[in-house]
Amino acid sequence: MDARSFVEFLIQERVIPADRKNVLIEATSISGDRVDTAVLDLALTGEATILSALGRFTKSRIAQASDIAAASPELTSLIPPRLARRFGVIPFRRDGKTLSVAALDPGDLLVQDELAILTGSMITTFAALEIHIRAGLARHYGMTLPPRAEALLRRLRNPGKRGPAGPPQTHKTPKTPAPTKPLTPVESTTTPTAIPQPQKAEIPIELEFSDEDLALFPSFATSTQPAPTAEEATTSKPVAMGPPPAPAGEESPPLPSPPLSPEARLARAAEALQGAEIRDDIADALLEFSRPHFARCMLLAIRGDTIVGWRSEGDDVEPAAVRAISIPKDQPSVFSGLLQGTAFWLGPLPPMTRNQDLIMALGGPPPVGCLILPIKVRGKIVAFLYGDTGGPPLGSVPMADFKRLMAKTDIAFQVYLLKGKIRVI
């Protein structure tokens, strides 16, 4: 959510006075909280008013604090803690096959798709106040609340203890009393409650993939290697010695990490793709592999008839602008030829109107050249990988390595989808 846009919306809707705009924007930039949390912290309005405005701004239905608090363990166990914390989501109601989910970003369609695959349900997302979603994540998924959030929750539960909003208070340094006895810090003895983890189903890979497929993922076949014989197990092998220890009183200088070979980097990507539990794990592996070759990277996904922004990386790249990318497949863009069968795009972006969406999201100078690769699953394009050097010419690109990476990603997506099916059968 863009903080400035939401603040301007609140002023337009007369939820907050116009003279508080800069104070509110500064408060969010310092604290890192969302606008609705800062509004409550500054006591500019009440919970019901800001929640209603949040629903209108996001064009979503709203979830009350009581809805989130009433979420049952049976429902919250449908979403793994790591995913719930990463996306800021809490399932709180189920009606037939429809799962109602309170979300920090109720308009994120890719998160909705992820939850649908994970739970086998139709997902309906609701806007909710950030402070109550954070409290729900702490209650159901073991997330730690910072002291500021706990203090705000206490004030919201006891509204009479804080007066109405007024002009910003001038903070004065309190007089320090004469020191008496040093205080001994008290350590907390509270043990966090263990959150039950859903068990992951194993996939009978040998029934799903051919030998050619397994060759792309060497770690899939490690369990099929014969066990060492007793003679091999007892035979001592020479051990490589490290550098001699530093003299007493001196620290050994850190050894530089040798650069990974292309094969080693592909093997690392294969291991990460194999262990992917959610779609963003696949994105992490692709961005990690691409990092040495590009200054700016983007991943875009296909959702229905639209190409939407997914993930991004780079100093000038605006993640919010990337997530806002929405290019219809039937409108001319750099993706048109790729959708019709072109293997990849290598060169400058053509002067097409919809390509400006990409340039705006990059945040820096337009690329002199870029590489765009389609990501396919069983021959069907599901996403695109974009990379450029941030302005300079692209130079040489290890296309053979990237083609092998795309083949591995194809299988990773199939495994990801199979895991989703296993969970809901």
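The values are calculated or read from the model by the stated rules, or taken from the named source; none is laboratory data. This is a predicted model, so every value here is computed, not measured. With ideal geometry, Cβ positions are generated from the backbone for all residues, glycine too; neighbour counts draw on all protein chains shown.
Is there any pair linking a residue in region 347-368 that is farther than 16 Å from residue 307 by Cβ to one that is of a type in the set (Lys, Arg), with Cβ under 8 Å and at least six apart or on different chains, and which? Every condition considered, the pairs that remain are 364/296; 367/296.
Comparison of 311, 354, 291 shows that the only residue that is within 24 Å of residue 5 (Cα to Cα), out of contact with any Leu (no Cβ under 6 Å at 6 or more places or on another chain) and assigned by TED's automatic domain parsing to the domain that holds residue 401 is 354. Here residue 331 fulfils each of the conditions (1) touching a strand residue (DSSP E or B) at 6+ places or on another chain (Cβ under 7 Å); (2) surrounded by fewer than 15 Cβ atoms within 10 Å (Cβ to Cβ) apart from (1). Out of all the residues in region 160-176, is one or more surrounded by 15 or more Cβ atoms within 10 Å (Cβ to Cβ), within 21 Å of residue 64 (Cα to Cα) and either modelled with pLDDT under 95 or within 17 Å of the chain's Cα centre (by Cα) (or both)? Within region 160-176, not a single residue is surrounded by 15 or more Cβ atoms within 10 Å (Cβ to Cβ), within 21 Å of residue 64 (Cα to Cα) and either modelled with pLDDT under 95 or within 17 Å of the chain's Cα centre (by Cα) (or both).
Checking each residue in region 16-38 for being of a type in the set (S, T, N, Q) and either in contact with a helix residue (DSSP H, G or I) (Cβ under 7 Å, 6 or more places away or on another chain) or buried (at least 17 other Cβ atoms within 10 Å of the Cβ) (or both) picks out 28, 31, 37. Being farther than 18 Å from residue 286 by Cα, modelled with pLDDT under 95 and part of a helix (DSSP H, G or I) is a description that does not apply to residue 411. Residue count for region 356-380, restricted to those that are under 25 Å from residue 408 (Cβ atoms), within 25 Å of the chain's Cα centre (by Cα) and surrounded by fewer than 17 Cβ atoms within 10 Å (Cβ to Cβ): 3. Taken over region 375-401, the criterion of being farther than 15 Å from residue 317 by Cα and touching a Ser or Thr at 6+ places or on another chain (Cβ under 8 Å) is satisfied by 375, 395. Apart from one condition, residue 78 fits all of (1) touching a strand residue (DSSP E or B) at 6+ places or on another chain (Cβ under 7 Å); (2) surrounded by fewer than 20 Cβ atoms within 10 Å (Cβ to Cβ); (3) at pLDDT 95 or above; the exception is (3). Annotation note: of 118, 153, the sole residue that is at pLDDT below 95 and in contact with a Gly (Cβ under 8 Å, 6 or more places away or on another chain) is 118. The set of residues from region 274-291 being in contact with a helix residue (DSSP H, G or I) (Cβ under 9 Å, 6 or more places away or on another chain), touching a residue at least 12 places away in the same chain (Cβ under 8 Å) and part of a loop (DSSP other than H, G, I, E, B) comprises 276, 277, 278.
Just one of the listed residues (250, 288) is among the charged types (D, E, K, R), modelled with pLDDT of 90 or more and either surrounded by 13 or more Cβ atoms within 10 Å (Cβ to Cβ) or out of contact with any strand residue (DSSP E or B) (no Cβ under 6 Å at 6 or more places or on another chain) (or both), namely 288.
Among the residues of region 292-342, those identified as in a helix (DSSP H, G or I) and not aromatic (Phe, Trp, Tyr) are 319, 320, 321, 322, 323, 336, 337, 338, 339. Tallying residues that are touching a residue at least 60 places away in the same chain (Cβ under 8 Å) and under 17 Å from residue 150 (Cα atoms) within region 35-52 yields 7. Inside region 77-111, residues that are assigned to a strand (DSSP E or B), polar (S, T, N, Q) and closer than 23 Å to residue 276 by Cα make up a count of 0. I'd like to check something: does region 39-58 contain any residue that is in contact with a strand residue (DSSP E or B) (Cβ under 8 Å, 6 or more places away or on another chain) and within 21 Å of residue 419 (Cβ to Cβ)? So far as region 39-58 goes, no, none of its residues is in contact with a strand residue (DSSP E or B) (Cβ under 8 Å, 6 or more places away or on another chain) and within 21 Å of residue 419 (Cβ to Cβ).
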